[in-house]
């Protein structure tokens, strides 16, 4: 399994180089400069950073913390507080976390900053949101012993495939049974002599509790394919869920212990657990299985889309999504996970530590020695797809926006 | 069969204060007529965890008479009394040896089940112990109900009969549904007597039944006993010699021996014990030399 | 003689009545004994049923937990595993130091305050003090998470967070102190009230001041019971998760600072159980075994203290 | 819990008449110290209630009384209808009581009256130790042991029992109201057993002997005399257990899953759910502004009122009962 990821990452590097060539000259840092170790991490004031939030980011950030401590010889971190995106967002705003992590940026779902906020002067523009991890959402399901023999063998050979609309109807509770005609239509190999092989089994939708970033990414996708059932994306739990779970582990075991269950977990989680995942029909009408390459393809296509819609600008937040991109190899449910920090840092030393770590986290150094192993070099070991190089450049631009006393911290310290 | 006319007359008439006056001790002692034995004790000993509490007691309890057990504290009166309806069965490490026969049947090794035995040998305790959550009626009827008797007509009749026998009927007949706790201490003790009588025991054991009562209530209970013995044989433990002299026909005197185990010193008619005891220790006790 | 006769004739002969009752008793005896045995068996069964979950908990905690009782697990700090090395979870030394630090400091603060408060409650009368006593007694039963709200709203937000300290061991210490004080106060006051009135009256009759009576008579006599109450409160506080979970954060390094984030044994169990990693979840058993041992040791020690002191007294 | 006559009333008078009269100011530092300590704690007590109530005001302002009756609860998406939480709290506590009360009182009877003395000590110590097992450990046991048992054996069996009809309809997931209720029952069982045993132990022996001496069987003594006489004390024990069940947070956070629609909550006990405690534990981390923290404070306030009332009730019952039981 690990090898495949490494392979994927290798392929990604090629793709990245290609993509980098197509990028506009607007970015102030070149890929060459990143590849050289220009992260001057030795110049680091003593300061403790609080971090936490999305469970999706947890393994990557925690690995990066350990690596950071090795590279810098300092241990300025309290550990990553794993919970869910909502917690990361909330604590980034309240200041409890110096860096909060969320699978969806501020102000996309819920009035985190702005309308519902207590301080009306607070807006999303006061925050910098840096994409730090890339992943897809795996659709998992369970038939248990309900399926065996020919059907089981056929299912192993040809993964169950659904299109976006069918998936939306399932999660909206509109399609109640596995032998529904809509499911049969996208699984012709499971139709033998005009009879659909999937059993007449009720579909039990398993949902995360509210505040989950994974839920947001999935609902954002469902919103794009079925506006009538999902008029807006949110991180709230699915209304028709048979059960709701507070984390992916519980949801996974919930799915695997329930006949006819369907659920969703992060790509890395499904990978680590070797879970059976569904294939999806993407926007271009192609059936795509969930792989690292398919997620990377989504990101690559998504970046072009984001760039075309104003880049990672807090003014054009709604175009941050890379769900439902066009392309033959694109897996349609994917998203970045974001690090959220305050734009104007209150404390100089904390500010320096914050931007240094963010920069470290969002870049690759090559990963050949301790000294040049950065955050994104740890991706493949932790079940992520490394950020495309173009995005690494974008990330640095974004990090440069973090200021202390009106001056960019990163520019000042590099 | 006994002539019950005097008793039934009293039952039907409203409760009247007892007419028997309390004269000298000797006046009160009835004549010593020959009587049928209902409970016989032969070499009865009680040990707790192999420590002897009472040893080798033998005497006969005569039918329709009041037998009292007297003696200083520690002489094993109550221990002996509790052996008579097998209450020691509850205590771990208690062993009753010897023979206790009820109507010729061994109560420990015979065929009488303990629960049935206890409804044939009832008991009244030092402190009134009515069931606090039950009404007066339910308290009296409880024994019959425990024994499986459910017929309301019989219960009503039995409750009235038992309360009348306990000289309580007149004062409570209007408030049978009232909680037992609303009665005074003396009334509560008479309620307990009625509760014991309702199951029609052959013997009623009384363990210092007046020790927690005031003098007036005590006198009520004592007066009651002389009528009660017409229908039930009574064994009473008392620390009060005058009481024993007033109410009992036969008397057993117990004393703690050298090894702190209670022994039966003398058993005779109450008249003999209080006028002409054969043992010097009995005389000393009666005359108040110790105890 | 039949039942009918008894029903119809109010004037029943006593001997008939007795015969009737005894006959009825004998008739019903078999059924009553059967019912009695059935009921008593039901009670024994319920006792056994009550022991099933206990047995299951003990069996699982020990069965799954004893592998973790290695020096390595106890002496290395927690480590966050990456997704392909899910078993690299480290140990619990950070949680052990955190627990000792937070519970230790909280106890040091709470013990003198609780004893003083119990003395105040013991000595005083009046409506206000009655209300205070009611408050302490009610606090004992309230959900412990409420203390967390209080500390967060009254200490963390206005003071600590304003200086940049959002998650600190200090907040946890304050929270546990506030949790322990009612428990300890109620126990200590009960201990003081347990001292026979004659003792203090004798001392007062000799002309002693109330403060001397308290120091020389009441406190020495009540001390063993107070100590028991303190140990029991401590054993409860050690196992508490809710009042500190959202205040102390987590720490992957072993340190003794009150101003840094800390992990305690219960919060580590919470975070491990909340994780997706099966190895972290399984390690909950190991931490639970350590925690449960600590709680039981504290609890049993206090029982021994009480048994000893009472033996000397009677 | 018994009230003891305060010695201070009489003793104050006796001290004043002594020959060696203590000087008036000699006790002053002591009294001042105690007064200061009392003042501090009175302040803390006031602040405690003030903090929760005042911080909940933005929450109430946001939700109005709808928090008490509306049916949509989803903290993450700012839907604050608390009815599902009331239902979840009632259901879990209800299941817990249904299981724990008969078993708890039954085993207390067994311990007090049936078990031989040497074993009795061991058994009751074990029960008391169980009462101090931290709730997070019950969470571990519930999630890692009971969850799979319920999911694979318990819930399918229950479902067969009613043929898949209410209250055991729906999908047997493991996690949910049923699991929460069962683990809660295990948590409150030691409390109920230990207090009930104390109540039985305080019963005067004469009542039992009185019943035995009129021919009651042992079970009749227990059923007809002991249990009715101890009813107020048992009620106190059950009420204290209820208080613990209502206020549980951490364990239930793991065992209940999350709050679904009220519709599915009413349909099946297998469904996931939430209580006031579990939702506070699950969302405390998400507080970021006075409103979202205020909503949590509202939940805390509701929890405080419910549990406080239950505990005050228990306290009153147990006190009165102890006084009544002394003959």
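Every read-out reported here was derived from the displayed coordinates using simple, explicitly stated rules and does not represent laboratory data. Keep in mind it's a predicted model, so treat the numbers as computed, not measured. Here the Cβ is made from the backbone with ideal geometry for all residues, glycine too, and neighbour counts use every protein chain on show.
What the table shows:
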item	result
Per-residue mean of C-beta atoms belonging to partner chains within 10 Å, peptide B:116-128	4
DSSP-defined beta bridges in segment B:154-291 - what % are antiparallel, rounded to 5	60 percent
Estimated [θ] at 222 nm from DSSP helical runs (n ≥ 4, -39500 (n - 2.57)) normalised by residues in chain D, nearest 500	-21500 deg cm²/dmol
Beta bridges by DSSP in chain B, antiparallel share as percent, to the nearest 5	60 percent
Residue order, fewest to most beta carbons within 10 Å, for A:174, B:280	B:280, A:174
As computed over chain B, the Cα convex hull volume per residue (Å³)	138 Å³
Mean residue ellipticity (222 nm) of chain C, computed from DSSP H runs ≥ 4 via -39,500 (n - 2.57), nearest 500	-24000 deg cm²/dmol
Residue of D:32, D:275, D:145 that the Gaussian network model of chain D assigns the largest fluctuation, springs spanning Cα pairs under 10 Å	D:32
Residue B:103/residue D:227 FRET efficiency (R0 51 Å; Cβ-Cβ; nearest 0.05)	0.90
Calculated FRET value between residue B:182 and residue B:151, using beta carbons and R₀ = 25 Å, to 0.05	0.35
Centre separation in Å (Cα based) which lies between segment A:225-257 and segment C:101-167	41 Å
Rounded tilt (10° steps) of B:136-146 against the dominant C-alpha axis of chain B	70 degrees
Considering only the protein assembly as shown, percent of DSSP beta bridges that pair antiparallel, nearest 5	60 percent
Sites residue B:175 and residue B:240 - FRET efficiency at Förster radius 35 Å, r taken between beta-carbons, to 0.05	0.65
Within a Gaussian network of chain D (alpha carbon springs, distance under 10 Å), most fluctuating of D:179, D:47, D:255	D:47
Footprinting exposure proxy for C:219, D:269, A:361, C:273 (fewest neighbouring C-beta atoms within 10 Å first)	C:219, D:269, C:273, A:361
Average partner coverage of C:278-284, which counts Cβ from other chains inside 10 Å	3
Rounded, prolate or oblate (a/c below 1.5 giving rounded, otherwise prolate when a/b exceeds b/c) for segment A:137-303 by Cα gyration tensor	rounded
Relative contact order (percent, whole number), chain D, Cα cutoff 8 Å, 6+ residue spacing	26 percent
For chain D, built as a Gaussian network whose Cα springs stay under 10 Å, the top-fluctuating residue of D:241, D:210, D:273	D:210
Expected 222 nm ellipticity per residue - DSSP helices of 4 or more, -39500 (n - 2.57), all of chain B, to 500	-10000 deg cm²/dmol
Reciprocal mean inverse distance between Cα atoms of the protein assembly as shown - Kirkwood radius, Å	36.3 Å
A:356, A:84 arranged by Cβ crowding within 10 Å, fewest neighbours leading	A:356, A:84
In degrees, nearest ten, helix C:14-65 long axis to first principal axis of chain C (Cα)	10 degrees
Label-point gap, in nm, between residue A:69 and residue C:297 - each point 7 angstrom along Cα→Cβ	2.6 nm
